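I have placed the structure first, in the form of structure tokens, so that the comments after it can refer back to it.
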Amino acid sequence: MSSPNGQLPNSKKTYVSGKLHLGICVPFREISLAPTKSVNGEIEINEPVCVYDTSGPWGDPDFHGDVTQGLPPLRAKWIRDRGDVQEVGGRAESPRDDGYLSEVHRASANGHVGNSRFEIRDSKFAMRKPLRGRAGSTVTQLAYARRGIITPEMEFIAIRENGRYIENRESRFGQNDSRSTNYDSRNSLAFAHRGEPFGANIPREITPEFVRAEVARGRAIIPANINHPESEPMII
């Protein structure tokens, strides 16, 4: 699945779907390359280069772009489907929520009397309720990892960190070809130096299970607050 994007010329946003969790769509940016003309006049077609795309929905021309509606809640269904969260009632809004001592302070800081912020009563924000973990539940990626659960967030990260390497490998050699496990030739766009791991055990293919295991061991973290479903999963 892909969508052209006029904001960034010679490129388009593409998506790779998950296999364990079919609702996952991991974004990448495919950059078109101009053909190469050799000294003898022959034209060599260069394959597009696929890179990380962390622009979120703002990089997609189909996104409404209305700041009053907020970002699409990418992870909302994943969070709800785990069945370990519940809504909380919340409380009335206070000027202190925005760092002001009072309404007078807020008005003077804005340079005029009244509220300069956009109205959210009729937006999708108004329909969202804060979440918290149910009694006895720990709603963190670390807790899921140590329970042996591969979450959609973990598969999302694995697909993104692979940089479409597996997809390109299978398209070139087939899924069962032994060459697909070797490092690519030096003149390939998929070539990568082995580098210095400094003791880290990082495989050629980043699998969802590898992501889970690294988080469970405490060697990586996934910041994924249940009240920020708009955030794309990333690993540190």
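Are any of the residues in segment 207-230 in a loop (DSSP other than H, G, I, E, B), touching a Gly at 6+ places or on another chain (Cβ under 9 Å) and modelled with pLDDT of 70 or more?
Yes, segment 207-230 contains a residue that is in a loop (DSSP other than H, G, I, E, B), touching a Gly at 6+ places or on another chain (Cβ under 9 Å) and modelled with pLDDT of 70 or more.
Of all residues in segment 99-128 being at pLDDT 85 or above and exposed (fewer than 11 other Cβ atoms within 10 Å of the Cβ), which is farthest from HIS228 (Cα to Cα)?
Within segment 99-128, the match that is farthest from HIS228 (Cα to Cα) is LEU101.
I'm trying to understand the selection: among the residues of segment 193-217, which are aliphatic (A, V, I, L, M) and surrounded by 15 or more Cβ atoms within 10 Å (Cβ to Cβ)?
ILE206, VAL211, ALA213, VAL215, ALA216
Out of the residues in segment 1-37 that are at pLDDT 90 or above and of a type in the set (Ser, Thr, Tyr), state the one that is farthest from the chain's Cα centre (by Cα).
THR36
Quick one: is ALA190 surrounded by 13 or more Cβ atoms within 10 Å (Cβ to Cβ), modelled with pLDDT under 80 and touching a Lys or Arg at 6+ places or on another chain (Cβ under 9 Å)?
Criteria met by ALA190.
In the set ALA92, ALA76, which member is of a type in the set (A, V, I, L, M), closer than 19 Å to MET127 by Cα and within 15 Å of the chain's Cα centre (by Cα)?
After applying the criteria, what remains is ALA76.
Please specify each residue of segment 26-66 satisfying the condition of being part of a loop (DSSP other than H, G, I, E, B) and on the phi > 0 side of the Ramachandran plot.
GLY41, GLY65
I'm told ASN168 meets every condition in (1) part of a loop (DSSP other than H, G, I, E, B); (2) modelled with pLDDT under 95; (3) surrounded by 14 or more Cβ atoms within 10 Å (Cβ to Cβ); (4) not aromatic (Phe, Trp, Tyr) except one. Can you identify the failing condition by its number?
(1)
The values are calculated or read from the model by the stated rules, or taken from the named source; none is laboratory data. All values reported here derive from a predicted model rather than from experimental measurement. As a convention, Cβ positions derive from the backbone with ideal geometry for all residues, glycine included, and neighbour counts pool all protein chains shown.
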